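The values are calculated or read from the model by the stated rules, or taken from the named source; none is laboratory data. Computed from a prediction, not measured in an experiment: that's the story for all the values here. Quick reminder, even Gly has a Cβ in these numbers, built from the backbone with ideal geometry, and neighbours come from all protein chains shown. Calculation scope for accessible area: heavy atoms of the full protein, side chains included, ligands and nucleic acids excluded. Shrake-Rupley method; radii C 1.70, N 1.55, O 1.52, S 1.80 Å.
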Amino acid sequence: MSPTPENRSQRPWRWVLLLALLALGGLVGWLLSREQPAQDAPVAQARTRTPSSQEEAPSPALAAAPTPPEAEAPAAAEPAPPIVDEILVEKQEVCSGEDNLITVRAHTPDGNDAYLHYTVGDGTGQRIPIRVWRNDADGSYELPRVTVFTKNNVSVTVPLPPFQVKDCEPERLIHVMSRRQPNSEDDFEFFAKLMERPVRPGQPAPRPFVPVRFVWTFDDEAPVTTTGPLVSHSMLSTTGASSMYTQHLIRVDAYDAEGRKETGRSSLQVLNTSFENFDKKGVVTLLAAGTPRFPVLDSDGVVRQTFRLYHRFRGSVRITQVKALRSFRGNGEAPPPPEQVDAVSLPVSEVPEGKGTEVKVSFDTKAEPEVFAITYALEGVSADGHPARGTFSVMRPPPRPTKENSTPITDPVLRAKVKRARELLQQEYVTDEDIFRLEREGKFADLKVEKPSGNVAPAAGTLNGRPRNPAR
């Protein structure tokens, strides 16, 4: 159909309007393209920034002054995931629940392996003894996966090389548990717990196994023999400040009177706080280990302790300043006064590398009755010019237990344990820590306590690690 004269007259205006809209759109797009880089820059920077929990807070003066765009440092790129080189499986066939040692070897593309750490299932470490159990219903089982982490916890996860879990179970297992000892950086306590397999209906009970000797091996060190299932060992880092984690493998061989042996193993992956402080703050950490581990009040009212000062860096650290911070006790009605800070001197001017040096300090509780603890804050300079810092404290021990300041012991079992502990340790007072350790050593296994027929006289003692002394 031919267009009417009216339609022909409107067509040129439509083209003019269309061209105008196109020109306007191009102008707006050109203006937006000039502003877009300035808007996107903060977003890109935020994606690659270190998490705020790992950053040092800027001072108010620096935070108030905006940094010129040309002076802004480029954001650090996220590290590449680590590369797993090899996963070694100790045994190709194991019984259900039998441990199998997994060894992981990996590296990072940039060659900075200082942050590498590992998990295999629920276990942590570079050499991890794992246990895989078969499903009782259908005999199925699932092997765990291996995850290797590097800086900022960037990780890669790979499957574990397959091995067969057979339809059999060991008669017993030895589970090795560990804990860091109180008031210590490097000392750990290890406990071997014997676990017998439950006897199922229709199956004969296994021969009893009563360990009389435990042989402990820590990494590649010489074995240590104990008569009980408990041992303390210093896991002093041999890598210094060169890595974020130290890796350890602990093995215990338990022997009974007939010479039969059962073996348990455990991995330990320990965070190196010295490396972490130097990596994030550039500070060399001064560490201190006290002897005795807990403060003891002598008969003259003075606490005397020897502290071994050490660090994990090359060269000596020169002490430049020592301050004593006195913390005061409150009276229950008003808060304690603020800490008192004084410049003091110690008979130590330098902390050499390795085992370090010892310093003896004392706290006269009678001369300073309101003081609760004295904390020594050390500052120094390392051999390569980095700042060094560390602290250690001498504290007022809790008061000796009396009937007036103690919680009476009315439980006959606990009362018997306290008396047995005093006999074994030949101490007038024992602590909850003493009882806990003796219990894990099996010193109370043969303890028999008859139920009281009447009222039990309360015994003096205290809770939460404080001394116990039952009434005689």
Within 17 Å of the chain's Cα centre (by Cα), closer than 30 Å to Asp434 by Cα and without any contact (Cβ under 8 Å) to a residue 60 or more places away in the chain - does that describe any residue in the stretch 241-253? yes
Of these, Glu404, Glu428, Glu423, which one is open to solvent by 70 Å² or more (accessible area, probe 1.4 Å), without any contact (Cβ under 8 Å) to a residue 60 or more places away in the chain and assigned to a helix (DSSP H, G or I)? Glu423
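Residues checked against (1) surrounded by 15 or more Cβ atoms within 10 Å (Cβ to Cβ); (2) touching a residue at least 24 places away in the same chain (Cβ under 8 Å); (3) farther than 30 Å from Lys355 by Cα; (4) basic (Lys, Arg):
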{"residue": "Ala222", "(1), (2), (3), (4)": "no, no, no, no"}
{"residue": "Leu230", "(1), (2), (3), (4)": "yes, yes, no, no"}
{"residue": "Glu258", "(1), (2), (3), (4)": "no, no, yes, no"}
{"residue": "Glu262", "(1), (2), (3), (4)": "yes, yes, yes, no"}
Being closer than 14 Å to Leu286 by Cα and of a type in the set (S, T, N, Q) is the filter here, so list the residues in the stretch 348-374 that pass it. Ser349, Thr357
Set Leu297, Leu325: member being in contact with a Ser or Thr (Cβ under 6 Å, 6 or more places away or on another chain) and of a type outside the set (Lys, Arg): Leu325
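Each row is one residue, and each column tells you yes or no for (1) in contact with a His (Cβ under 6 Å, 6 or more places away or on another chain); (2) of a type in the set (Asp, Glu); (3) farther than 26 Å from Val394 by Cα; (4) open to solvent by 50 Å² or more (accessible area, probe 1.4 Å).
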| position | (1), (2), (3), (4) |
| --- | --- |
| Phe209 | no, no, yes, no |
| Val212 | no, no, yes, yes |
| Val252 | no, no, yes, no |
| Pro295 | no, no, no, no |
Just to be sure I understand, how many residues within the stretch 186-244 are outside any loop (DSSP other than H, G, I, E, B) and under 19 Å from Gly264 (Cα atoms)? 24
Restricting to the stretch 96-124, and then to whatever is in a loop (DSSP other than H, G, I, E, B) and open to solvent by less than 10 Å² (accessible area, probe 1.4 Å), can you tell me which residue is farthest from Leu173 (Cα to Cα)? Thr108
Here, strands (runs of 3 or more DSSP E) confined to the stretch 249-350 with at least 1 residues that are touching a Phe, Trp or Tyr at 6+ places or on another chain (Cβ under 9 Å) and within 21 Å of Arg180 (Cα to Cα) are 261-271, 287-291, 302-310
Can you say whether Gly264 is within 30 Å of Thr124 (Cα to Cα) and of a type outside the set (Asp, Glu), as far as the supplied structure shows? yes
Within the stretch 374-394, residues being out of contact with any strand residue (DSSP E or B) (no Cβ under 8 Å at 6 or more places or on another chain) and either crowded, with 17+ Cβ neighbours inside 10 Å or of a type in the set (Ser, Thr, Tyr) (or both) number 0
Against the definition (out of contact with any Leu (no Cβ under 9 Å at 6 or more places or on another chain), buried (at least 16 other Cβ atoms within 10 Å of the Cβ), at pLDDT below 95 and under 26 Å from Gly125 (Cα atoms)), how does Asp279 come out, yes or no? yes
Residue selected from the stretch 125-184 under the condition among the charged types (D, E, K, R), without any contact (Cβ under 8 Å) to a residue 60 or more places away in the chain and not in a strand (DSSP E or B), by the criterion farthest from Tyr255 (Cα to Cα): Asp138
If I ask for residues that are in contact with a Pro (Cβ under 7 Å, 6 or more places away or on another chain) and either at positive phi or assigned to a loop (DSSP other than H, G, I, E, B) (or both), which ones from the stretch 407-420 would you list? Pro408, Thr410
Report, ordered by the first and then the second residue, all pairs with beta carbons closer than 8 Å, sequence separation of six or more or different chains, a first member in the stretch 348-373 that is loosely packed, with under 12 Cβ neighbours inside 10 Å, and a second member that is acidic (Asp, Glu) and at pLDDT 95 or above. Lys366/Asp300
